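J.: Mind looking over this structure? Questions follow.
The values are calculated or read from the model by the stated rules, or taken from the named source; none is laboratory data. Since the structure is predicted, the reported quantities are computational estimates derived from the model, not experimental observations. Virtual Cβ from ideal backbone geometry, glycine too; neighbours counted across all protein chains shown. What goes into the accessible areas is simple: the full protein's heavy atoms, side chains included, and nothing from ligands, DNA or RNA. Shrake-Rupley method; radii C 1.70, N 1.55, O 1.52, S 1.80 Å.
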Amino acid sequence: MFNGIGITIAQMLCSTALAIIISLIFGLMRLSSNRLILGIATVYIEFFRGTSLLIQLYWIYYVLPLLINISLEAFYAGFIALGLNFGAYGAEIVRGSIQAVPRQQWEAAKSLNMSPILLMRRIIIPQTFPHLLPPFSNLLVELLKATALVSLISVTDLFFMSKVFNQTYWMSLQVFGTALIIYYILARFFLTPFLRWLEILAARKVGKLIG
Amino acid sequence: MDNKENIKHEPLVRFHEVTKRYGSLTVLDKLNLDIQANEMVSIIGPSGSGKTTVLRMLMTLEMIDEGVIYLEGKPLTHMESNGSLVLADEKHIRSIRSNIGMVFQQFNLFPHMTVLQNCVEAPINVLGLKPDEAEERAIDLLGMVGMLDKKDEHPSRLSGGQQQRVAIARALAMRPKVMLLDEVTSALDPEVIGEVLSVIRKLNSEHNLTMLMVTHQMGFAREVSDRVCFFYEGKIAEQGPPSQIFEAPKNERTKQFLSAVLNAN
Amino acid sequence: MNLEWRWDFAFEILPQLLWGTVYTLMAAGIGYFIAIFIGLLFMLGQRTRFYVVNRATREVVEFIRSTPLLVQLFFVFFVAPQFGIKFSAWNAAMITLGLHYGTYLSEVYRGALEAVPKQQWEACKALNFSVSRTYGKIILPQAFPVALPGMGNYLVGIFKDTPMLATIGVVELMQSANTVGSLTYRFLEPYTMVGIIFLIISLPTAFGLRKLETVVAKRQGISKK
């Protein structure tokens with residue numbers, strides 16, 4: 001069971017990293033005035049949000065390797081599917097929080113003749129964090145819960161191990177009950193406090209909650 | 001274009017037949033306006049008359065529909081390509097935009113940076129100044145606007161008047177050739193308007209900066225301006241020295257506007 | 001294994017998948033219907049003045065929201081028989097979906113009620129409205145447009161979570177695809193088609209819901225930004 005927790009956390013970390021990268025790239029692409037870039041991002045986001053995570057997981061694990069002739073370990077398929085899927089949701093959050101930065105901040109930066117890259121990096125992106133983090137926190141709690149799905153492509157995570165125990169000892173209440181409690185502890189006492197701390201940190205950095 | 005004329009007069013800024021439309025609404029209608037170096041020009045007029053648009057066009061925040069704006073005789077909104085003028089691209093605009101500085105009605109300070117960081121960010125990263133050099137310049141300017149003691153505060157901790165004084169220092173730190181002031185006291189509480197006006201007064205009298213100011217403070221415009229332009233429906237209805245505009249306006253619209261504004265006070 | 005897409009095979013399995021789709025839609029619909037009421041119960045539980053009920057509801061909601069639907073599904077399906085209660089896979093699935101999404105909907109309701117300005121309640125008191133009139137005529141009509149986007153999102157969400165039901169043997173779209181796959185050893189067509197069917201249903205639904213939001217907002221005289 002402890003190994004299972006380790007795998008669940010590893011899945012969580014890898015897929016979070018991937019999801020953040022995807023969110024940033026596609027979130028910024030969604031704000032592009034270039035039709036092609038905008039179109040690609042929109043299709044990606046609508047596709048991954050429109051179909052089910054489980055289907056994407058199965059497709060990436062069972063179908064994709066045959067199509068492009070590679071072998072994909074279950075662990076990789078697991079966090080890739082999670083990252084791609086949650087990245088699509090994250091991209092919409094990134095887009096929304098960039099749009100929530102007042103237009104005047106763009107104008108002020110332009111009046112100081114900042115380059116578009118400098119403007120994004122130093123003025124806009126730092127200001128998105130207070131808007132970004134609360135919905136992103138929710139998303140990450142959902143992501144932690146969704147990691148249970150990777151057990152279905154036989155990644156030996158927490159839930160996979162519980163199913164193995166259940167088949168050996170046939171004590172469903174104890175086994176699945178424990179699994180639920182462990183997920184609860186991970187979400188409520190580790191992930192959520194950490195995210196709350198990040199939110200406070202960001203708010204302070206932006207200078208809205210000093211003192 | 002009329003290059004010869006440019007060399008003769010050499011205004012710092014020239015609006016030549018500038019037109020701006022939002023959809024079917026014409027905000028600026030073939031505007032011609034010259035601003036000489038070291039001149040202080042005030043723009044007054046009813047809301048919706050295109051006053052702020054003039055500043056936003058010069059700051060290149062808005063695209064120009066027709067006409068050309070020149071800075072020191074060279075086109076700002078356009079560039080020469082194969083002997084003819086075409087709309088400037090971002091690269092061209094960025095190469096000269098630093099010559100213009102702007103102070104906004106809502107201050108628009110960067111909330112996640114301290115006062116000092118607000119003032120050094122662009123000089124370091126846009127002008128390429130060394131950090132200590134930029135800091136020295138910023139401290140000088142913050143001292144001039146009387147905000148040195150707040151240099152490590154975040155803008156949210158400052159009053160509107162204080163924020164606006166920092167915004168002036170931030171714009172000045174770029175050493176612009178023209179300063180644009182867009183209703184800089186409109187968002188302020190009455191009791192702090194004075195502190196901002198006195199900073200502008202100082203810029204005008206001691207530093208002899210070229211300034212273009214949109215304002216509702218008629219008394220102030222009259223006191224500091226070299227020239228006052230009265231805007232009505234996207235055009236300059238009347239312009240002249242403040243004594244003429246405020247004491248002996250010729251245009252009927254100007255008379256109406258001034259009497260309405262002065263009565264309201 | 002043959003990697004070419006085979007149209008004849010795709011058409012052969014299409015009826016089976018469409019039949020699965022019917023069950024998927026039923027599962028989502030019934031599960032959502034249950035969730036609407038369970039959400040209401042959870043919301044009332046969290047608003048009651050009885051401390052114990054209030055506290056307990058909050059903890060239960062928090063627990064269900066923080067743990068995976070898939071694990072809950074197994075818990076309900078396998079644990080109930082230990083206590084002599086036998087749920088069919090379908091019933092276990094409906095209970096779990098209803099409970100899980102009930103917690104989400106209770107949050108949506110709560111947020112919507114809180115979005116109605118305090119002054120509206122005070123105005124009702126000042127006019128001496130009854131409780132039912134206050135809710136029925138004043139508060140709920142204002143809360144509904146606020147709740148609608150969240151409710152719509154979870155309708156699409158519950159639909160996209162139904163493939164999980166296959167894991168306890170509920171026969172729906174995903175399960176049909178699994179069956180086809182394990183019988184024929186062809187996964188390309190069934191899984192791809194399942195994905196396309198999901199897209200075909202969820203995209204127009206999401207679009208329709210967004211339209212509905214604007215219509216409702218307009219009818220309430222609340223212009224949407």
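J.: Report in % the part of the accessible area of the protein assembly as shown that belongs to carbon and sulfur, leaving out ligands and nucleic acids; probe 1.4 Å.
T.: 60
J.: Extension gain C:Tyr135-C:Arg58, at 0.36 nm per residue separation less the Cα-Cα distance, in nm?
T.: Extra length from C:Tyr135 to C:Arg58 when fully extended: 25.4 nm.
J.: Now for a separate question. Rounded to the nearest 0.05, what FRET efficiency do A:Ser32 and C:Phe37 give with R0 = 35 Å and r taken as the Cβ-Cβ distance? Could you check?
T.: So, using R0 = 35 Å, E works out to roughly 0.20.
J.: Continuing with this model, one more query. What's the magnitude of the charge dipole for the protein assembly as shown around its Cα centre, counting Lys and Arg as +1 and Asp and Glu as -1 at the beta-carbon? Answer in Debye, nearest 20.
T.: 1540
J.: On to the next question. With charges set only on the Cβ (+1 for Lys and Arg, -1 for Asp and Glu), what does the dipole of the stretch B:57-211 come to about its Cα centre, in debye to the nearest 20? Can you show the working numbers first?
T.: Values: 15 positive and 22 negative charges, 54 e Å.
Computed charge dipole of the stretch B:57-211: roughly 260 debye.
J.: Which value in deg cm²/dmol, rounded to the nearest 500, describes the helix-derived mean residue ellipticity at 222 nm for chain A, given -39,500 (n - 2.57) per DSSP H run of n ≥ 4 and division by the residue count? It would help to have the intermediate numbers written out before the result.
T.: Numbers: 10 runs with 152 residues, N = 211.
The helix-only estimate for chain A comes to -23500 deg cm²/dmol at 222 nm.
J.: Amide H of C:Gln220 versus every other amide H placed in the peptide plane: which residues, excluding those fewer than 5 positions away on the same chain, fall under 5 Å?
T.: Those lying under 5 Å, H to H, from C:Gln220: there are none.
J.: Additional query: Which of the residue pairs B:Lys91/B:Lys177; C:Lys125/C:Lys218; A:Lys110/B:Lys151; B:Lys20/B:Lys235; B:Lys51/B:Lys255; B:Lys51/B:Lys91 have a Cα-Cα distance greater than 21 Å in the structure shown?
T.: In this structure, C:Lys125/C:Lys218; A:Lys110/B:Lys151; B:Lys51/B:Lys91 exceed 21 Å between Cα atoms.
J.: Please label the shape of the stretch A:2-210 as rounded, prolate or oblate, based on the square roots a ≥ b ≥ c of the eigenvalues of the alpha-carbon gyration tensor (a/c under 1.5 means rounded; beyond that, a/b larger than b/c means prolate, else oblate).
T.: Verdict is oblate for the stretch A:2-210.
J.: Using +1 at the Cβ of each Lys and Arg and -1 at the Cβ of each Asp and Glu in the protein assembly as shown, identify which of C:Asn153, B:His112, B:Ser49 lies farthest towards the dipole's positive end.
T.: C:Asn153
J.: Here's something else I'd like to know. P(r) of the stretch A:152-209 in 10 Å steps, Cα pairs, percent per bin?
T.: All Cα pairs considered, the percentages come to 21, 30, 22, 15, 10, 2.
J.: Now, a different point. Per residue, how large is the accessible surface of chain B? Use a 1.4 angstrom probe and give square angstrom.
T.: Working: 11780 Å² over 265 residues.
Roughly 44 Å² per residue, with all protein chains present.
J.: Rounded to the nearest 500, what is chain C's calculated 222 nm mean residue ellipticity when only DSSP H runs of at least 4 contribute -39500 (n - 2.57) each, over all residues?
T.: On the way: 8 runs with 170 residues, N = 225.
Helices in chain C give a 222 nm mean residue ellipticity of -26000 deg cm²/dmol.
J.: Restricting things to alpha carbons, tell me how big the protein assembly as shown is in terms of Rg and Dmax, in Å.
T.: Expressed in Å, the Cα Rg and Dmax of the protein assembly as shown come to 32.2, 102.
J.: Using the crude model of +1 on Lys and Arg Cβ and -1 on Asp and Glu Cβ, and no other charge, please compute the dipole size for the stretch C:102-167 relative to its Cα centre, in debye to 20.
T.: 240
J.: Another question, if that's okay. How many percent of all Cα-Cα pairs in the stretch C:7-223 sit more than 23 Å apart?
T.: Values: 13385 of 23436 pairs.
Summing the P(r) tail past 23 Å for the stretch C:7-223 gives 57 percent.
J.: Sticking with this structure for a sec: What share of all Cα pairs of the stretch C:7-49, in percent, falls into each consecutive 5 Å distance bin?
T.: 6, 19, 13, 13, 10, 9, 8, 7, 6, 4, 3, 1, 0
J.: Which FRET efficiency, nearest 0.05, do B:Val86 and A:Phe2 yield, Cβ-Cβ r, R0 56 Å?
T.: My answer for the efficiency is 0.25.
J.: In nanometres, what is the gap between the two model label sites at B:Asp65 and A:Leu13, each 7 Å from Cα along Cα-to-Cβ?
T.: 5.9
J.: Report the one residue of A:Gln174, A:Ser32, A:Val101 whose Cα lies farthest in the direction of the positive end of the charge dipole of the stretch A:2-210 (charges on C-beta: Lys and Arg +1, Asp and Glu -1; origin at the Cα centre).
T.: It is A:Val101.
J.: By the gyration tensor of its Cα atoms, with a ≥ b ≥ c the square roots of the eigenvalues, what is the shape of chain B: rounded for a/c under 1.5, prolate for a/b over b/c, or oblate? Walk me through the numbers on the way to the answer.
T.: Details: a/c = 1.83, a/b = 1.15, b/c = 1.59.
Because a/c hits 1.5 or more and a/b fails to exceed b/c, chain B counts as oblate.
J.: How far apart, in nm, are the 7 Å Cα→Cβ label points at A:Phe194 and A:Ser71?
T.: So the label points at A:Phe194 and A:Ser71 sit 3.2 nm apart.
J.: Something else about it: Sticking with the crude label model, points 7 Å out along Cα→Cβ, report the distance from C:Arg49 to B:Asp149 in nm, one decimal please.
T.: 5.2
J.: Now for a separate question. Leaving out ligands, DNA and RNA, calculate the buried accessible area for the pair C and A with a 1.4 Å probe, summed over both sides, in Å² to the nearest 100. Present the calculation step by step, with values, prior to reporting the outcome.
T.: On the way: alone 13630 and 12450 Å², together 22800 Å².
Interface area, both chains combined: 3300 Å², rounded to the nearest 100.
J.: If the cut-off is 17 Å between C-alpha atoms, which lysines fall inside it for C:Lys211, apart from same-chain ones fewer than 8 positions away?
T.: Candidates past the 8-residue exclusion: C:Lys224, C:Lys225.
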